[in-house]
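Remarks on the structure that follows.
The values are calculated or read from the model by the stated rules, or taken from the named source; none is laboratory data. Everything numeric in this text was worked out from a predicted model, so none of it was measured. Glycine gets a Cβ as well: all are built from the backbone with ideal geometry, and neighbour counts include every protein chain shown.
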Amino acid sequence: MRSNLGFVLHRLKKRIAYATNIAADYAMFIGFVLIAGIGSAWYMVDTGSALTTERVGPWVTWLSAARADADPYTRAHFARMGTLPMSTEVAQTLTARYDDGGSRLHSSCEYAVKGHDIAGSWWSLAVFDDDGRVISNPAERYTFTSDTIALKPNGDYAITLARDARPGNWLPTGGAGRLALVLTIVDLGLGSSEKDREEEKNPIPSIEQVNCR
Amino acid sequence: MTASELLARLPRVKLRVIAAALVAVVILHILATLAAPRLAPSTAYSRLADLLPVNSMKLLPVIAPGAQPLPFMGPDSRYAMCRFDSTKGPVQITANLPGAGWSLSVFSDKGDSIYAAVAQPGRRTEVSLVLSTSDERFAGLTPQASGQSVKEDRSLSLPAKRGVAILRAPDQGMAYRAINEAELKRSVCGVRGAVAAAR
């Protein structure tokens, strides 16, 4: 009688162990599929890849933003952001959330954004908080454009991103926390000669960290 | 389950299971990507829907903290917008792009770009669009089909049911603000018959 009970218990244990193994296998399978499937989609939509974005230093641009033939990742990216950017057929929109050294742009630091006027284009450079909101400041200054920026005689410019007032082209960052810089370049279709293109400097500005508090 | 137990389990994983997992990952990746726009908490169109009257061009106030209709909408420009609905008839949009930096963009309610144009420096660009549903275009209700010759009407006809037209005027400094605002106010958006009568 006792040996019978022991046998039944042994079989029951084996069946439970078998069922647990099967359940664990299924859980591993489903977990892997969920993490890899949704995670890879989230990464491609949020960050992009070489197929959908182009990176120049810390600047990122989505290659087919607001185009009729945009890929699903680009469509999903801008739908999730809730923005309506200018089409890459007529303009280029670059976003930077990091400085040249790879550190996250933050309002507790001061930055020097240095570049050169972009020939044959209208451009603007605006600073936002991490969620794309305009940063409140007493000077009511949020952006510089090719019409409003003070250029040096050779066409170079330097913009200072800082919490407190600075001489020259100063963009206040207040206490916004993490920052996002957006450079919009509208192509005016003027074209340029080969000589012009050779002489033209890199139009994408650098972002150097000056100091942090 | 510890990491060593997980590793001990790996040799039991068959090639068929790996292949099935990869196929499932790819399917889920595609479904998640395609579903992402629909799962967005609020689209640009839904945010603008409360602000903009239907089939009427509205000049938005200067972009400032607390007065920003969409994220990353910069104060580098003044905006006039029209939320169009062509289900009650073709919608006509006319705008002038007088100088560098001016642009007109038309988006569907799903955020897809339908049309984009920028001004050429030193040349005044006049844009006239007629937005109509695919059904109307199929039924021949385009301006040309309704009796106007192509020579008389230079409007570009586009298929679009609902969406937003955005006219951008660049911030050229204080001296130009009044001029640019007046030009933005001159742009027109409305059901085609009503626009023609108003002119």
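Of note:
- Residues of segment B:79-111 satisfying the condition of being within 8 Å of the chain's Cα centre (by Cα) and crowded, with 19+ Cβ neighbours inside 10 Å: B:S105, B:V106, B:F107, B:D109, B:G111
- Within segment A:145-166, residues that are touching a residue at least 24 places away in the same chain (Cβ under 8 Å) and within 14 Å of another protein chain (Cβ to nearest Cβ) have Cβ atoms under 7 Å from residues that are hydrophobic (A, V, I, L, M, F, W, C) and not in a loop (DSSP other than H, G, I, E, B) in these pairs: A:S146/A:W122; A:S146/A:W123; A:I159/A:V113; A:I159/A:L125; A:I159/A:F144; A:I159/A:L171, counting only partners at least 6 apart in sequence or on another chain.
- Only one of the numbered conditions (1) on the phi < 0 side of the Ramachandran plot; (2) in a loop (DSSP other than H, G, I, E, B); (3) at pLDDT 90 or above is violated by A:A139, and that is (3).
- Residue match in segment A:73-92 (condition: modelled with pLDDT under 95, more than 7 Å from chain B (Cβ to nearest Cβ) and surrounded by fewer than 19 Cβ atoms within 10 Å (Cβ to Cβ)): no
- Which numbered condition A:A27 fails, given (1) under 23 Å from B:I30 (Cα atoms); (2) surrounded by 12 or more Cβ atoms within 10 Å (Cβ to Cβ); (3) hydrophobic (A, V, I, L, M, F, W, C); (4) not assigned by TED's automatic domain parsing to the domain that holds A:D187: (2)
- Of the residues making up segment B:52-76, those that are under 23 Å from B:R124 (Cα atoms) and at pLDDT below 90 number 1.
- Within the option set B:T87, B:T94, being more than 11 Å from chain A (Cβ to nearest Cβ) and in a helix (DSSP H, G or I) holds for one residue only, B:T87.
- Qualifying residue in segment A:173-190 (condition: among the basic types (K, R), within 22 Å of the chain's Cα centre (by Cα) and at the interface with chain B (Cβ under 10 Å from one of its Cβ atoms)): no
- Residues of segment B:176-185 include at least one that is among the β-branched types (V, I, T) and at pLDDT 65 or above.
- Summed over segment B:63-81, residues that are more than 7 Å from chain A (Cβ to nearest Cβ), aliphatic (A, V, I, L, M) and in contact with a helix residue (DSSP H, G or I) (Cβ under 8 Å, 6 or more places away or on another chain) total 2.
- Restricting attention to segment B:25-48, the residues being in a helix (DSSP H, G or I), surrounded by 15 or more Cβ atoms within 10 Å (Cβ to Cβ) and not hydroxyl-bearing (S, T, Y) number 9.
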